[in-house]
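One structure below.
The values are calculated or read from the model by the stated rules, or taken from the named source; none is laboratory data. Values in this document were obtained by computation on a predicted structure and should not be read as measured data. Using ideal geometry, Cβ is built from the backbone for each residue, glycine included, and neighbour counts are taken over all protein chains shown. Keep in mind that these areas ignore ligands, DNA and RNA; they rest on the heavy atoms of the full protein, side chains included. Shrake-Rupley method; radii C 1.70, N 1.55, O 1.52, S 1.80 Å.
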Amino acid sequence: MTDILSRLGLSAACDGVCIAGRWSSGPHAMIARSPIDGARTATVAAGGTAETEAADAAAENAFPAWRSVPAPRRGEYVRRIAERLRARKADLAALIT
């Protein structure tokens with residue numbers, strides 16, 4: 001599993017949550033397990049109420065700037081994200097199955 005994570009640029013441990021481009025430690029650690037055999041695949045930070053509220057506020061603050069970006073340009077961002085996901089389709093599939 002760690003080889004798949006590595007190919008995706010991820011590690012088996014994440015000790016923070018990213019809100020508005022800044023990392024902070026989450027109050028809880030969550031163990032991710034394989035649905036196939038229950039094996040531990042990663043440990044990730046899980047945000048609580050404060051992190052959820054901060055993320056909501058950050059999204060609300062970012063929305064006016066995003067709304068002002070012309071629709072074709074927003075579509076281009078989404079298309080590029082889709083291309084990157086498709087390029088890593090095999091590794092992503094292996095990660096979730």
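Values as computed for the structure displayed
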| item | result |
| --- | --- |
| Among the candidates ALA54, ALA58, ALA32, residue that is more than 29 Å from ALA93 (Cβ to Cβ), open to solvent by less than 100 Å² (accessible area, probe 1.4 Å) and either touching a Ser or Thr at 6+ places or on another chain (Cβ under 9 Å) or assigned to a loop (DSSP other than H, G, I, E, B) (or both) | ALA54 |
| Sole exception among (1) open to solvent by 100 Å² or more (accessible area, probe 1.4 Å); (2) without any contact (Cβ under 8 Å) to a residue 12 or more places away in the chain; (3) of a type outside the set (Gly, Ala, Ser); (4) over 26 Å from SER25 (Cα atoms) for ARG88, by number | (2) |
| Residue check for THR97: in contact (Cβ under 8 Å) with a residue 60 or more places away in the chain and either hydroxyl-bearing (Ser, Thr, Tyr) or open to solvent by 100 Å² or more (accessible area, probe 1.4 Å) (or both) | yes |
| Residues of the range 1-29 that turn out to be more than 22 Å from ARG88 (Cβ to Cβ) and not hydrophobic (A, V, I, L, M, F, W, C), as a count | 9 |
| The range 36-46, subset at pLDDT below 85 and open to solvent by 40 Å² or more (accessible area, probe 1.4 Å), residue farthest from GLY16 (Cα to Cα) | ILE36 |
| Residue count, the range 1-29 (criterion: open to solvent by 60 Å² or more (accessible area, probe 1.4 Å), free of Cβ contacts under 8 Å to residues at least 40 places away in the same chain and not in a loop (DSSP other than H, G, I, E, B)) | 9 |
